Amino acid sequence: MKTELPSQPDDAHWMALALAEARLAAEAGEVPVGAVLVKDGQVIATGRNTPVAQHDPSAHAEINALRAGAAALGNYRLDGCELFVTLEPCAMCAGAMLHSRLARVVFGAADPKTGAAGSVLDLFAEPRLNHRTQVQGGVLAEQCAEVLQGFFQQRRSVAREQAEPLRDDALRTPVDRFAALGDYAFAPHYVHDLPSLQGWRMHYVDEEGAPGEDSQLACCLCLHGPGEWGYFFRRLVGAQGLRTLVPDLIGFGKSDKPKREAAHKPEWHRDVLIEWLDQVQPRPQSVVLVHSNAAAGIASLLQDAAADRFVAAIVAPDGGERIKDAWRAPYPDRGYEAALRALGPIASFSGPGGAEALAIARLARNAMGYSTS
């Protein structure tokens, strides 16, 4: 009877182990890069980024793995060894790999800023060096990049919150509550220094679609009502010929949420919107006001107070979808719902669908006197 030999682990297997090291680095607050040193199908050593913890600029994942591997083998030459690392090595690490006489280096994500295996330079291809190490990139590249992107996104979020501190009497919906809404992946913008905001942070979307034939963009202020948020206008954002400004009123969507209902007065929201609009769309440029049915009251207040700012007002129809999860996303629990209790129940609207959004875009450009290509 023939006995089948067990198959050798492939590159993806070893890179998955390196990814586990990268995640441990992230948990420790280090840039998430991990490395695994392998010889003859066995793990000799592992390493992850530790420069912050060790106060050592050389403590990259690869260097840590090489040091541990050399100690384990009792030799500074690592002949026959392969190193798997989640990010393309920098010049320092590439030099160390060449000095250690590695047989092969496999990396995951490319590093366009400091990569020394082909992105910025390629030390491994330098013909004047006396050792040749094989290099392969792109193994589990997407997963490796996701770990890095997630880490830096979280760090930027923390930095932003430190720069824009949360008031003691407010709540801020965690970003991951919106992660599943793939059709609202627009660049976030925040403002917190307007006098009327009094320290609250307001989120808004500011997107420009492709210009029309006349290369001019009509500007729309898209206003949601109580129980809704900017998600209502997701089909309109980025429409051809439009610049769409979509604020989340304080207490809704991705904006700060006061804990007390008394903070919410329609006139206050109106004043915030006027100050914000003057900042993001300076006069004398005019704006088309697009609002949901539920926002009719606030839209009327806004028009009465700043009639010269709006050339037209358009009611955005309900597109007919019912996406309950999207409307619940901003509210992890009742503590976040003061604005809902003050201004109205959760709406079942989803916003204009594709056909309605196209019609609104045409109406807005007509109102501004632009062609509707």
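The values are calculated or read from the model by the stated rules, or taken from the named source; none is laboratory data. Please read these numbers as outputs of a predicted model, since none were measured by experiment. All Cβ positions, glycine included, derive from the backbone under ideal geometry; neighbour counts span all protein chains shown. We work out accessible area using only protein heavy atoms, side chains counted, and drop any ligands, DNA or RNA first. Shrake-Rupley method; radii C 1.70, N 1.55, O 1.52, S 1.80 Å.
Give the residues of segment 119-137 that are surrounded by 14 or more Cβ atoms within 10 Å (Cβ to Cβ), free of Cβ contacts under 8 Å to residues at least 40 places away in the same chain and more than 13 Å from ALA91 (Cβ to Cβ), sorted by residue number. Give the steps one after another, and end with the answer.
To start, the set of residues in segment 119-137 that are surrounded by 14 or more Cβ atoms within 10 Å (Cβ to Cβ) comprises 119-121, 123-124, 133, 135, 137.
From the residues that got through so far, the ones that are free of Cβ contacts under 8 Å to residues at least 40 places away in the same chain too are 119-121, 123-124, 133, 135.
Within segment 119-137, THR133, VAL135 meet the criteria.
Scan segment 160-212 residue by residue and report those that are of a type in the set (D, E, K, R), out of contact with any His (no Cβ under 7 Å at 6 or more places or on another chain), open to solvent by 30 Å² or more (accessible area, probe 1.4 Å) and touching a residue at least 60 places away in the same chain (Cβ under 8 Å).
As a first pass, look at segment 160-212 and keep what is of a type in the set (D, E, K, R): 160-161, 164, 167-169, 172, 176-177, 183, 193, 201, 206-208.
With out of contact with any His (no Cβ under 7 Å at 6 or more places or on another chain) added as a condition, the list becomes 160-161, 167-169, 172, 176-177, 183, 193, 207-208.
Checking which are open to solvent by 30 Å² or more (accessible area, probe 1.4 Å) leaves us with 160-161, 167-169, 176-177, 183, 193, 207-208.
ARG167, ASP169, ARG177, listed by residue number.
When only residues in segment 279-289 that are under 27 Å from the mean Cα position of the chain (by Cα) and not in a loop (DSSP other than H, G, I, E, B) count, which is nearest to GLN216 (Cα to Cα)?
Within segment 279-289, the first condition is being under 27 Å from the mean Cα position of the chain (by Cα), and the residues that meet it are 279-281.
With not in a loop (DSSP other than H, G, I, E, B) added as a condition, the list becomes 279-280.
Values: GLN279: 20, VAL280: 17 Å.
Applying the filter and picking the extreme gives VAL280.
Restricting to segment 294-335, name every residue that is over 18 Å from PRO247 (Cβ atoms) and part of a helix (DSSP H, G or I).
Listed by number, the residues that qualify are ASP304, ALA307, ASP308, LYS324, ASP325, ARG328, ARG334, GLY335.
Would segment 88-95 turn up any residue that is free of Cβ contacts under 8 Å to residues at least 40 places away in the same chain and out of contact with any helix residue (DSSP H, G or I) (no Cβ under 9 Å at 6 or more places or on another chain)? Step through it out loud before you land on a result.
As a first pass, look at segment 88-95 and keep what is free of Cβ contacts under 8 Å to residues at least 40 places away in the same chain: 89-95.
Of the ones still in play, those that are also out of contact with any helix residue (DSSP H, G or I) (no Cβ under 9 Å at 6 or more places or on another chain) are none.
Among the residues of segment 88-95, not one is free of Cβ contacts under 8 Å to residues at least 40 places away in the same chain and out of contact with any helix residue (DSSP H, G or I) (no Cβ under 9 Å at 6 or more places or on another chain), which makes the answer no.
Looking at (1) farther than 24 Å from LEU121 by Cβ; (2) open to solvent by less than 20 Å² (accessible area, probe 1.4 Å), which one does GLY47 not meet, given that it meets all the others?
(1)
Name the one entry in PRO352, PRO332, PRO345 that is at pLDDT 90 or above and either closer than 30 Å to ASP308 by Cβ or open to solvent by 50 Å² or more (accessible area, probe 1.4 Å) (or both). First the steps, then the outcome.
Numbers: PRO352 fails: at pLDDT 90 or above; PRO345 fails: at pLDDT 90 or above.
Sole residue among the options that is at pLDDT 90 or above and either closer than 30 Å to ASP308 by Cβ or open to solvent by 50 Å² or more (accessible area, probe 1.4 Å) (or both): PRO332.
Sort through LEU223, LEU236, LEU249 and tell me the only one that's surrounded by 16 or more Cβ atoms within 10 Å (Cβ to Cβ) and over 16 Å from TRP327 (Cα atoms).
Values: LEU223 fails: over 16 Å from TRP327 (Cα atoms); LEU249 fails: over 16 Å from TRP327 (Cα atoms).
Unique residue meeting the criteria: LEU236.
Select the strands (runs of 3 or more DSSP E) contained entirely in segment 52-166, then report the ones holding at least 3 residues which are under 28 Å from the mean Cα position of the chain (by Cα) and at pLDDT below 95. Working first, answer last.
Values: elements: 81-87, 104-109, 134-136.
Output list is empty.
Looking only at segment 5-25, decide whether some residue is in contact with a helix residue (DSSP H, G or I) (Cβ under 6 Å, 6 or more places away or on another chain), without any contact (Cβ under 8 Å) to a residue 60 or more places away in the chain and in a loop (DSSP other than H, G, I, E, B).
Checked against the condition, which is being in contact with a helix residue (DSSP H, G or I) (Cβ under 6 Å, 6 or more places away or on another chain), without any contact (Cβ under 8 Å) to a residue 60 or more places away in the chain and in a loop (DSSP other than H, G, I, E, B), segment 5-25 yields no hits at all.
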